[in-house]
1. Among the numbered criteria (1) surrounded by 10 or more Cβ atoms within 10 Å (Cβ to Cβ); (2) modelled with pLDDT under 95, which single criterion is violated by residue 72?
2. Looking only at the stretch 37-59, filter to residues that are in contact with a helix residue (DSSP H, G or I) (Cβ under 8 Å, 6 or more places away or on another chain) and not in a loop (DSSP other than H, G, I, E, B); which one of those is surrounded by the fewest Cβ atoms within 10 Å (Cβ to Cβ)?
3. Limited to the stretch 14-28, what total is found for residues that are in contact with a helix residue (DSSP H, G or I) (Cβ under 7 Å, 6 or more places away or on another chain) and either assigned to a loop (DSSP other than H, G, I, E, B) or touching a residue at least 24 places away in the same chain (Cβ under 8 Å) (or both)?
4. Only one residue in 80, 31 is in contact (Cβ under 8 Å) with a residue 12 or more places away in the chain, in a loop (DSSP other than H, G, I, E, B) and surrounded by fewer than 12 Cβ atoms within 10 Å (Cβ to Cβ), so which one is that?
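The values are calculated or read from the model by the stated rules, or taken from the named source; none is laboratory data. Not measured: the values here are computed from a predicted model. All Cβ positions, even for glycine, are placed from backbone atoms using ideal geometry, and neighbour counts span all protein chains on display.
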């Protein structure tokens, strides 16, 4: 038995992060716009990838991954039964 809480994950949010989010919320762009392109470029550079693509959520990312992998009707895709429905639905 633990004597203190073991967090699942931790985030680091400072005043600069809060200002960046506030700036976007007050801008003309909420879900698209120049900050998305900047984020994708920085993420690609950070990971050493040639490209990076941001998605609005994990389900959209799974659908795009299936598309990028060329999964088509009749292909076999294996996933776990202990998962969120989107893990299998994206294949359909």
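1. Failed condition: (1).
2. Here the answer is 58.
3. Applying the first criterion (in contact with a helix residue (DSSP H, G or I) (Cβ under 7 Å, 6 or more places away or on another chain)) to the stretch 14-28 yields 24.
If we keep only those that are either assigned to a loop (DSSP other than H, G, I, E, B) or touching a residue at least 24 places away in the same chain (Cβ under 8 Å) (or both) too, we end up with none.
Here the count works out to 0.
4. Values: 80 fails: in contact (Cβ under 8 Å) with a residue 12 or more places away in the chain.
Going through 80, 31 in turn, the sole match is 31.
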